[in-house]
Amino acid sequence: MKITNICCIGAGYVGGPTMAIIAQKCPHIKVTVVDLNAERIAAWNDENVENIPIYEPGLSELVGEARGRNLFFSTEVDKAIDEAQMIFISVNTPTKTYGLGKGMAADLKYIELCARQIASIAKNDKIVVEKSTLPVRTAEAIKSILENTGNGVHFQILSNPEFLAEGTAVQDLLQPDRVLIGGETSPEGEQAINSLVEVYANWVPKERILTTNVWSSELSKLTANAFLAQRVSSINAMSELCEKTGADVNEVARAIGMDSRIGPKFLKSSVGFGGSCFQKDILNLVYIAKSYGLHEVADYWVQVIIMNDHQKRRFAANIVQTLYNTVSGKKIAFLGWAFKKDTNDTRESAAIYVSDYLLNEQANIAVFDPQVKEKQVLADLDYLQSRPSDLNKKGINVMDDPYEVCKGAHAVAILTEWDEFREYDWQKIYDNMQKPAFVFDGRNILDTPKLTAIGFIVQSVGSTN
Ligand code: NAD
Ligand code: UDX
């Protein structure tokens, strides 16, 4: 089937950018992105394209070009489902916060709602594509919901997990390492797979488009994220040992990364990984392993999370310890709140946990992030439910000038690796801080010798400087 009409349910960090690229690369396809969240859709449709709800380098230009031509954002979910030949489900699949599997399993209620809505609306055959990250064998549940309406409509379900990373989403989508499409091995399944292959083939070389069975595709996504997160936890584990032994984790990472079997990527020691995916997907993997009775497999992967939690806590504890064992009433300046640079996404950001620890120690925190606003910072802290909202508001102050944030501070902590932090006038920052002036570089991005020459006491992750 030649695809000319696509609908995507979920206008988030995946749905928005992915569909913008499909629209740009496939002018013959009408792409409609729908969401229940009217505020989000209004932001996608904002006259000023800089106000789209997701910050990603290059995205607003893409949306500006395609919007209104063959890319549409709408809250009319039923209409878009009805008109589409192919429906991508790109809704959130957070960790369950209730019931069986609480704190581990993926919450699939949004997925099921989508499946039920598609089942009730569809009047002709459709291809349904799982774009969200899902537990292996979810397609079975979706199929069962879709095929039991008795209205004679047939569905093919494909798994097409997304591998983009935030901050580089546009680039990752334009030049993916691979596109993965899982489908049924029947002739109808193969036809559906081919329809989706043809969409991607508009810009992705065919040899990079992998096709597999549905279960391999679903499980490959969880596996990829688990492996990536494991690399970060592995290097972070070594960072603590480096601090004790006088080794430098950056040098260790370079030395091992030059081994072509290990490779240089994803070996940056840090305050700990964040983001909406790594922790959620590993917990999900752990839950699935446990549900099959594979306890050793589950224990193996859970260690990646334990190490990451330790790294965040250790960073915060070191600030307290270094500041003479008390931060009560002291001002700590945070540069960065997003979970990584070049995104406005703060989900599971290390900054949230470090600040929570320091607020318990009665610190006064001032925050600057180029893309994150006060409302989001407070919402992130409130979500932890560690203390009443008004206490969070009292303890944390978000400003839009980094120099004001650092003024009068006892310490500056780097929580996100935004490039601009390297370029700041560090002499000016030093002059306006309490002395001794401490810097805790949670991303190892600053020029330590230069800062030390100014007079700062600098502590990086994984070295004794
Ligand atoms: P998100 O929270 O940014 O967006 C999901 C959107 O779906 C929300 O706007 C929500 O309102 C909407 N939604 C939920 N239920 C709906 C329904 N029934 N009808 C219409 N809209 C509905 O999430 P995201 O970051 O885009 O992630 C989506 C999926 O992609 C998740 O499964 C995630 O694991 C996966 N993923 C995310 C990334 C990433 O970098 N964020 C990368 C790869 C895969
Ligand atoms: C990740 C996967 O990379 C992507 O393929 C998947 O589709 C979604 O999940 P994302 O979470 O957006 O992407 O960003 P990523 O670049 O993977 O970084 C995740 C976290 O790990 C960030 O907090 C980042 O700062 C941290 N990280 C990454 C490190 O601390 N060190 C590294 O070397 C790499």
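Nothing in this text is a laboratory measurement; each read-out follows from the coordinates by a stated rule. Please read these numbers as outputs of a predicted model, since none were measured by experiment. Note that we place each Cβ from the backbone using ideal geometry, even for glycine, and neighbour counts take in every protein chain shown.
Things to note:
- Average Cα contact separation per residue, the stretch 5-204, under 8 Å, 6 or more apart, as relative contact order %: 21 percent
- Aspartates and glutamates with Cα under 18 Å of LYS2, excluding same-chain neighbours fewer than 8 positions away: ASP82, GLU83, ASP125, GLU188, GLU190, GLU198
- Within the chain, helices built from complete DSSP H runs that reach 30 Å or longer along their own axis (Cα positions) and carry a mean Kyte-Doolittle hydropathy of -0.5 or higher are 214-245, 295-322.
- Among ILE87, SER60, ALA38 - extreme Cα towards positive end, dipole of the stretch 24-106, charges at beta-carbon: ILE87
- Spin-label zone in the stretch 127-155 - amide nitrogen under 15 Å from a point set 7 Å from the Cα of GLN191 along the C-beta vector: 127-128, 153-155
- The helix-only estimate of mean residue ellipticity at 222 nm for the chain, built from DSSP H runs of length n ≥ 4 each weighted as -39500 (n - 2.57), is -13500 deg cm²/dmol after division by the residue total.
- Local net charge near TYR430, Cβ-Cβ under 12 Å (Lys/Arg +1, Asp/Glu -1): +2
- Net charge of neighbours whose Cβ lies under 12 Å from the Cβ of ALA23, counting Lys and Arg as +1 and Asp and Glu as -1: +3
- Contact order normalised by residue count of the chain, Cα under 8 Å, 6+ apart, percent: 12 percent
- By other beta-carbon atoms within 10 Å, ranking MET399, MET258 with the fewest at the front produces MET258, MET399.
- Inter-site label distance for LEU113 and ASP425 at 7 Å from Cα along Cβ, in nm: 5.0 nm
- Projecting the Cα atoms of GLY293, ASN344, MET307 onto the charge dipole of the stretch 273-354, computed from C-beta unit charges around the Cα centre, puts ASN344 farthest toward the positive end.
- Charging the Cβ of each Asp and Glu at -1 and of each Lys and Arg at +1, and nothing else, the dipole of the stretch 166-239 about its Cα centre rounds to 320 debye.
- Dipole check for the stretch 306-460: with +1 at the C-beta of Lys and Arg, -1 at the C-beta of Asp and Glu, and the Cα centre as origin, the magnitude is about 480 Debye.
- Taking 0.36 nm per residue of sequence separation and removing the Cα-Cα distance, the LEU378/TYR403 pair yields an extension gain of 6.9 nm.
- For the pair ASN5 and ASP259, a Förster radius of 56 Å applied to the C-beta separation gives a FRET efficiency near 0.70, rounded to the nearest 0.05.
- Residues listed by number, the stretch 323-342, amide nitrogen under 19 Å from ARG387 label point at 7 Å toward C-beta: 323-335
- When only the Cβ of Lys, Arg, Asp and Glu is charged (+1, +1, -1, -1), the dipole of the chain relative to its Cα centre reaches about 700 debye.
- Local net charge near ALA105, Cβ-Cβ under 15 Å (Lys/Arg +1, Asp/Glu -1): +2
- Pairwise label distance in nanometres, ASP447 with ALA43, each label 7 Å out on the Cα-Cβ vector: 3.6 nm
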